[in-house]
Every structure is written in structure tokens, then in C-alpha cells.
Amino acid sequence: MSVVDQSFRQPLLKVDPSRGHFKVARSVFVDPKIREMELERIFANCWLYLGHESELPKPNDFLTRTVGGRPLLFLRDREGKVRAYLNICPHRGATVCRESRGNAKSFTCIFHGWTFGANGKLLDQPGKECFAPNFNDDESANLTPVPKLDEYRGFWFFNLNPKADPLHDYLAGAKDYIDKVVDQSEKGMRIIGGTQEYSIRANWKMMAENSIDIYHGPALHPTYIDYLQNTTGATAPLDGLGGYAYDLGNGHGVAEYLGPWGRPVARWIPLWGEGGKREIDAIRARLEKRFGPERAKRLADNSFNLLIFPNLVINDIVSITIRTFEPVSPNYMTVTAQCIGPKEESGALLERRISNFLEFLGPAGFATPDDIEAIETAQHSFGAHSGWNDVSKGMPLEKQGWMDEGPIRAFWSEWNRRMTAAE
Ligand code: FES
């Protein structure tokens, strides 16, 4: 079966179940027209992750982000309500708030000095007497709120399409994995420390694939696997530990598995000593009391790599990383990564979490530089030679092994559905 829309004049996916083939045209990684269509058909119609509730702990806290190509102002107003606006001045388009974060009761645009409240309303204009008294009766001079804003268990998302399905429907099976993160805490989760920001000379979809591509682990990250085996006492090869990969609906996908590493909540390894064992055992006991032994074991032991379509990754591995990527141009993306953990965690447990966050998925960690090198070589090839990428591994099987490429196919199927949908 060739999946094609006439507006592209060429097939973008080739799917042949009889041969177990699933292939993606390499042009989708380099074509500027594809990126323009993605901004409209995907990023202007999907729920996009904006931030975590813990990033706005107090009234009047704000932060600015660019998501899906749109500059945004994300804040908590003085009554405690979370709001989000386009960070674009309704006067003549300048950026209203130029700080990345802070606490403010109002925002004054640098260009001509219009001032807006945290409720988005225009409060003042230099030369106000020169404007008609009813100038803003239609509220067109207020900040523009995002059409839809909602949260799931502290994770805030927005949607530029006012007719979009509700967030909870959109998240589909991914909700179970957000639950798996949030249930680790008795007092709620919080973003820990600052934000890692880096860029990759490659198309944003390469990072979507890479984040749920477990297949590449043993070949691309042998140094880390050696390190794990030397420091954790793990004897099983990484690909012998087992797990499954799931299509979670709506383009979301996950690989859930047992890793050889320790987890601050709550899987002990000998490297952490007897003191660490007592702490971890106590956390496990509390998890069992709250959720029963089966769910507690899953929360404590199982790692996962989750992609929420199109550009949010939650990796609950040796630490929990929240990662997003921005499609700056067909050949260039920016990436942000944050560490999240239980509010009640402190001392050695917190130190282990932060160290794990930096050690594996940090921009100078054991994994990310390898990933970036591989991704950038592939992007270079796409510009030099058109053809097809293969993501067929595990296609004939009913139940996907954890190193199969089923979640990547889920991403591409949804991408294709949205890109080829009727106007
Ligand atoms: S563009 Fe903002 S006040 Fe003029």
C-alpha cells in the first residue's frame, strides 16, 4: 500500500504488510514545504506541551516559551489561575515579554509602551488621549489568549484549534504513563533545577523517532552499557532484559521495560550502599501501601520512553527527563530538557536523580552526544540522496518487543493522517 496525498505528488509512506515493510520517504526530513504544512496541520491542531504547574509556584509567576513556532507567555495570575497568551503585541507585533521567567503584575511592550495585565487586558497606552474612548471595546487590543488551555495532572498543554478534541481524549493511552510518573510522589512532582537547551542540525522528526527508538541502544551506546555493567553489577545484556513497545493511540507510543540501572523511585543497586537500600526499601513499602504490590513494582522497577505526539518526550529511566523539540527549519531543531522528581525527595536521593539526569540523557551525557552524531549524519545523507527510511522491525508481530519499531510507526501513521487529511 502506498500512502499518498496528491498535494505532495509523491508517496511519503510505503506500507506493505505482505512483506512486513514500513518505509518513510526521506524527503519529509528536508522539504521546506513539508515543514510549512507541519506547522499548520500538526502544530496548529495538536495539543502541545507548554510547561509544568510547578514552574509557576506563586501568583504573578510567568515564563516565556516558543512552541510549534509560536512565542507564548505562560503565567499564573494574581488569583492563581494559569493562563497562556501569544507573546505578540496586538499593537504592531513586537515581543511583549522578553524575559525567560520571573514574577510580574503587568507586562510593558518595549516598542511603544503598551502595558498589559496578567489577565491579558490592555491597561495603559502612552498617548492614550489620542485613541478613541471605545478603542478597545472589542478587546482586540488585549493580549491574545491561546484558544484552548488545559492540564493533565500538572502537565499543561495548549491547542491553537478552538475545535480540537478535549486534551484528555487526545492523550489517550499516554495518560497511563503520566500517571506512572505522578504516582511516584506523595506530595506532587516538581521541575528540578534549570533547563538544558541545545540544538541539533537535523529535522525535528528525527528526535521524535530517536526518543522511542530502543533498537539503537546496544549499537550506539556501548560505552554506557559497559559503564552500567561495571557499576551496577548487571550481568544480563541490555537486550535480554525484556519489555514491550506499545502504540498508545493518536500517534503516541512507548517502550516499557526493565533496565539494569537503579531508580531513585525506587529500585536499589549495590552502588548505592546499605544506607541507600534502607531509603529505597522505605519508598517501595510506601508505594505498596498506596497502590498494592503489583502497581508498586511497576512504578518502581519499570523504565519507559514515551512520545506524546508530536514533540513531547517523557523518559522515565534512571531519572525522569521531559524533553521537547522545536522545528526551527527543515534541517535544524532546538531541544529543551528538564528533570522532574517528587517534591518530597531530598539528600542523597535527589543527588542521585540529578546525577542520573546529567549522566545519561544530558547534552554532555553518555547518550545524547552519540544520538546527535548519528542523527546529524542521517540528516546530511537525506540532503545528498533521496530514498526511503526503514522502520519495519517487529511489524509482523502481534505483540511488539521493547526494541521493535512499532511506536515509531504509530508516530508516522498519525503524522501521515494529519498531513494528508482533507482541508
Ligand atoms: S508593538 Fe507593542 S506597543 Fe507597539
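Any read-out appearing in this document is the output of simple, stated calculations on the displayed coordinates, not a laboratory observation. Here the structure is a predicted model, which means the values were calculated and not measured. Heads up, the Cβs are rebuilt from the backbone with ideal geometry, glycines too, and the neighbour counts pull from every protein chain shown.
Using a simple spin-label model with pseudo-atoms 7 Å out from Cα toward Cβ, residue 390 and residue 58 lie 5.8 nm apart.
When the helices of the chain are scored as -39500 (n - 2.57) per DSSP H run of n ≥ 4 and the total is divided over every residue, the value at 222 nm lands at -8500 deg cm²/dmol.
In this simple spin-label approximation, residue 105 and residue 21 carry label points 7 Å from Cα along the Cα→Cβ vector, and these lie 6.7 nm apart.
Just to verify a number: FRET efficiency for residue 132 and residue 229, C-beta to C-beta distance, R0 = 56 Å, to 0.05? Approximately 0.15, to the nearest 0.05. When the C-alpha to C-alpha distance is required to be over 26 Å, the pairs from 105/180; 148/399; 128/148; 297/399 that qualify are 105/180; 148/399; 128/148. Compared with the alpha-carbon gap, the fully stretched path from residue 399 to residue 380 is longer by 3.4 nm at 0.36 nm per residue. Helices of the chain meeting both criteria, an alpha-carbon length of 30 angstrom or more along the long axis and an average Kyte-Doolittle score not below -0.5, with helices taken as full DSSP H segments, do not occur. Taking every alpha-carbon pair under 8 Å whose residues sit at least 6 apart, the stretch 183-420 reaches a relative contact order of 32 percent. Multiplying the residue separation of residue 197 and residue 244 by 0.36 nm and subtracting their alpha-carbon distance yields 13.9 nm. Its relative contact order, with pairs defined as Cα atoms under 8 Å and 6+ residues apart, puts the chain at 21 percent. Fully extending the segment from residue 40 to residue 336, taken as 0.36 nm per residue of separation minus the present Cα-Cα distance, adds 104.4 nm.
Across the stretch 322-349, the residues whose backbone nitrogen lies under 16 Å from the label position 7 Å along the beta-carbon direction of residue 278 are 347-349.
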